[in-house]
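The numbers here are math on the coordinates, done by the rules we state, and not lab data. As the structure is a computational prediction, the values presented were derived from the model and not from experiment. Here the Cβ positions follow ideal geometry from the backbone for every residue, glycine too, while neighbour counts run over all protein chains shown.
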Amino acid sequence: MTGTTLAVERTAEQLIALEEQYGAHNYHPLDVVIARAEGAWVEDVEGRRYLDFLAAYSAVNQGHCHPAIRQAMMEQAEKVTLTSRAFRNDQLPLLYRDLHELTGYEMALPMNSGAEAVETALKAARKWGETVKGIAANEAEILVASGNFHGRTIAIVGFSSDPQYRAGFGPFAPGFRSVAFGDIAALEQAITPRTAAFLVEPIQGEAGIIVPPEGYLAKAAALCRKHDVLLIADEIQSGLGRTGRLFAYEHEGIRPDVVILGKALSGGFYPVSAVLASREVLGVFHPGDHGSTFGGNPLACAVARAALRVIEGEGLVRRSADLGAYALERLRRLEGGRVREVRGRGLWIAIELNEPARPVCEAIEERGVLCKETHATVIRIAPPLVIRREDLDWGIEQIEAVLRG
Ligand SMILES: *Cc1c(COP(=O)(O)O)cnc(C)c1O
């Protein structure tokens with residue numbers, strides 16, 4: 001492959017054709033080919049601008065190509081990018097301290113993707129179950145919620161309730177049991193002396209921004225405490241400001257035993273994830289028990305530290321709460337007719353339709369706003385939290401125009 005070939009193949013049509021021919025078809029993207037991005041805006045290869053109402057599934061809460069994160073990344077890239085954990089590096093301790101100071105959790109374990117951090121939390125919970133709670137070897141059970149999304153590894157899709165995520169990928173790992181999301185009686189019934197943990201999204205993102213009944217998480221936390229079960233909150237998408245609090249679990253005043261972070265932990269520059277917990281939980285790992293070649297590398301740590309500073313320094317949690325309340329109030333006026341329900345928390349809003357969402361997303365795209373359906377009938381609104389009020393207004397106007405048209 002020569003450089004000249006690459007340089008020529010760059011109209012949207014040619015790029016899409018290359019992707020379709022040579023890439024696995026595990027996604028069905030909108031046909032917008034993005035070449036640049038800044039803040040809440042992206043630009044395609046032909047120079048057309050779009051307002052981004054998805055924010056890479058909340059990985060770019062800080063906005064695309066945030067200059068402070070970019071600077072941290074470039075400075076670190078000139079020094080050292082990867083040492084592996086065979087040696088220490090001068091950035092990881094600083095990320096540990098920042099995470100501790102921001103969240104109060106005693107310890108952290110860095111990984112790369114969200115799914116890896118979920119796997120890490122599951123391993124920690126099982127080992128805690130055996131070595132601390134005293135569950136017999138290979139007997140520990142982990143409860144999960146119906147409608148969950150925790151990633152795409154074989155263990156994780158094995159306890160998904162979405163048939164497509166599982167079909168063809170079995171056999172699956174045993175030791176997981178699903179209970180109805182939002183149903184506290186179902187959770188109570190499912191807990192046994194073998195239960196090590198309950199893994200849950202405080203608000204289910206991929207399921208369609210499903211907010212559980214008020215009090216559910218608080219009651220779940222109390223049940224877990226009573227039965228010596230770890231409460232694991234997957235905050236990969238809901239965390240770091242998306243719902244108008246730093247973490248979605250704060251809406252119910254609880255403190256999970258384990259918190260899983262990813263996505264916006266890097267502001268979209270680089271995959272960075274982490275598991276936060278007490279010394280009692282993460283202390284179950286001893287050298288050789290678990291690891292990752294890239295996890296905790298100095299480039300990732302420098303990027304994550306800058307990404308966290310932006311969330312704090314720019315007041316993005318407050319912005320999410322304020323702009324989200326405003327947008328929710330306005331979008332709720334669409335209810336009735338084609339719109340079954342509008343719901344959300346912070347700048348994370350679902351518009352549930354009485355019809356398929358994909359053609360609606362395509363019509364909104366034509367007006368210059370990018371949203372993506374989740375499941376068949378839900379449009380998810382999740383712009384970067386740095387979005388300007390006038391841009392948010394303009395984006396909402398495009399959605400209103402399509403749904404009222
Ligand atoms: C995106 C997501 C994951 C998986 O993260 P990846 O980085 O895609 O592996 C896990 N849990 C939740 C709640 C998510 O939204």
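Given that compact globular proteins tend to follow 2.2 N^0.38 Å, what is the ratio of the alpha-carbon Rg of region 1-157 to that value? Show your work: numbers first, answer last.
Details: Rg = 21.3 Å, N = 157, 2.2 N^0.38 = 15.0 Å.
That works out to 1.42 for region 1-157.
Mind giving me the FRET efficiency for A17 and A186? R0 is 45 Å, r the Cβ-Cβ distance, nearest 0.05 is fine.
It comes out at approximately 0.40.
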### Query
With a Cα-only, solvent-free Debye model of region 160-245, what are the log10 I(q)/I(0) values at q = 0.19, 0.23 Å⁻¹?
-0.99, -1.27
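Could you state, as a whole-number percent, how many of the C-alpha pairs of the chain are farther apart than 28 Å?
Details: 40332 of 81810 pairs.
So the pairs more than 28 Å apart make up 49 percent of the total in the chain.
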### Summary
Rounded to the nearest 0.05, FRET efficiency between T131 and R194 (Cβ-Cβ, R0 22 Å) equals 0.95
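Run through region 211-258 and list the GluC sites (Glu not before Pro) located in a DSSP loop whose Cβ has at most 14 other Cβ atoms within 10 Å. Please report the intermediate quantities before stating the final value.
Values: sites: E214, E235, E250, E252; in loops: E214, E235.
Listed in order of number, the matching sites are E214.
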## Note on the structure
Simple spin-label estimate for H286/T81, 7 Å along Cα→Cβ, in nm, reads 3.6
### Task
Compare R338, R177, R245 in a GNM of the chain, Cα atoms joined below 10 Å, and give the one with the largest fluctuation.
R338
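Using the Kirkwood radius over C-alpha pairs as Rh, can you work out the diffusion coefficient of region 92-133 via Stokes-Einstein at 10 °C, viscosity 1.306 mPa s, in µm² per second?
Taking Rh from Cα pairs, D becomes 138 µm²/s.
A 25 angstrom limit on the alpha carbon distance is what I want to check against. Which of K123/K372; K219/K372; K133/K219 exceed it? The partial results should precede the final answer.
Working: K123/K372 32 Å; K219/K372 33 Å; K133/K219 21 Å.
Cα-Cα > 25 Å for K123/K372; K219/K372; rest within.
Please list, by residue number, every one of the GluC sites (Glu not before Pro) in region 131-189 that is coil in DSSP and has at most 14 other beta-carbon atoms within 10 Å.
Numbers: sites: E139, E141, E188; in loops: E139.
Counting only loop positions with at most 14 other Cβ atoms within 10 Å, the GluC sites (Glu not before Pro) in region 131-189 are E139.
With the radius of gyration and the Kirkwood radius both derived from the Cα set of region 148-294, what is their ratio Rg to Rh?
Here the Rg-to-Rh quotient is 0.95.
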### Query
Using modelled amide H (1.01 Å from N, peptide plane; none on Pro or chain starts), what sits under 5 Å from the amide H of E201, excluding residues fewer than 5 places away?
D234
### Amide H within-cut-off set for A59, under 5 Å, with H built and near neighbours excluded
none
### Task
State the dimensionless ratio Rg/Rh of region 302-405 (Rg: radius of gyration of Cα atoms; Rh: Kirkwood radius).
1.01
### Task
Starting with the highest mean, order 344-350, 389-395, 52-58, 131-137 by the number of other Cβ atoms within 10 Å, averaged over the residues of each peptide.
344-350, 52-58, 389-395, 131-137
